[in-house]
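See below for the structure under consideration.
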Amino acid sequence: MILAASILGADFGRLEAHTREALDAGAEWIHVDVMDGHFVPNISLGAPVMKDLKALAEEKGALLDVHLMIENPDRYLEDFAKAGAHVITVHQEACVHLHRTIQAIKDLGCKAGVALNPGTPVSTLEDVGTYLDLLLVMSVNPGFAGQGYIPATTEKLRRAKQLLRASHSAALLEVDGGVTPDNAREATDAGADVLVAASAIFKGDITANIEAFRRSQMHVI
Ligand code: DX5
Ligand code: ZN
């Protein structure tokens, strides 16, 4: 299981220190939630902020996992690639020419991810499954941290894993929204490889929170 710390849950005034603490405690990826106030009803941060995390990611060997919740993502792919993104994920709902967008991300030297809102079926990715490096299943309606995990997500993760298998794809399956140590095992049992968490990592004691995620994956005898 890969744990991706969503900086949306961090104290932006101490972004570097908070992110560093999460990585030191064992989070492998830094998840960057980019919101434009159009695709989702909230505005967060952009490539300039990410640039400041690039050095930290390099120092720690962490991956910068960029989740674009924006309209017309094609316009900004290069900015995020230059800012140090390793993975760039766009929303299926925001891309008219999804196949072209996936290729554009790869041409920039990044791994290509596609995200699905809770209301978008897995089947919409049948024709691009083979090209994906990451498939992100949203377990909340995107826009805000601190929402509850939608229970139907677990079955959706199983369907997403099936689609990847049927496409002979080695893409990672990521789940994002309301993920906590209490439901983490349910998600990984359903096939999730990458767990994104903001509130459950950054609220309270970051190190203890990450240990709780690790414990959630241990087999109880
Ligand atoms: C939601 C974002 C998530 C969010 C997760 O739109 O994509 O990455 O930060 O926050 P929590 O873990 O608090 O649900
Ligand atoms: Zn996200």
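The values are calculated or read from the model by the stated rules, or taken from the named source; none is laboratory data. What you see is a predicted model; the values in this text were computed from it and never measured. For neighbour counting, all protein chains shown are included, and Cβ atoms are generated from backbone atoms with ideal geometry for every residue, glycine included. In case anyone asks, the SASA skips ligands and DNA or RNA and just uses the protein heavy atoms, side chains included. Shrake-Rupley method; radii C 1.70, N 1.55, O 1.52, S 1.80 Å.
Brief remarks follow.
- DSSP beta bridge pairing in the stretch 2-216, given as percent antiparallel to the nearest 5: 5 percent
- Relative contact order, percent, the stretch 1-73 [alpha-carbon distance under 8 Å, six or more residues apart]: 35 percent
- Amide hydrogen proximity for L172: with H placed 1.01 Å from N in the peptide plane, the residues at 5 or more positions away or on another chain lying under 5 Å are L134, L135.
- Surface per residue (accessible, 1.4 Å probe) for the chain, Å²: 45 Å²
- Modelled this way, with points 7 Å down the Cα-to-C-beta line, the labels at V96 and E16 are 4.2 nm from one another.
- Test item: Cα-centred dipole of the chain, Lys/Arg +1 and Asp/Glu -1 on Cβ, debye: 320 debye
- From helices alone, the chain scores -10500 deg cm²/dmol at 222 nm; the rule is -39500 (n - 2.57) for each run of n ≥ 4 DSSP H residues, then divide by the residue total.
- The portion of the accessible surface of the chain made up by carbon and sulfur, rounded to a whole percent, is 50 (1.4 Å probe; DNA, RNA and ligands excluded).
- Rounded to whole Å, sorted largest first: equivalent-ellipsoid semi-axes of the chain, Cα gyration tensor: 24, 22, 16
- Relative contact order [Cα under 8 Å, 6+ residues apart], the stretch 111-170, whole percent: 40 percent
- Proximal lysine pairs, the chain, alpha carbons under 14 Å, eight or more residues apart or interchain: 4
- Rel. contact order, % - alpha carbon contacts under 8 angstrom, at least six apart, the stretch 2-216: 20 percent
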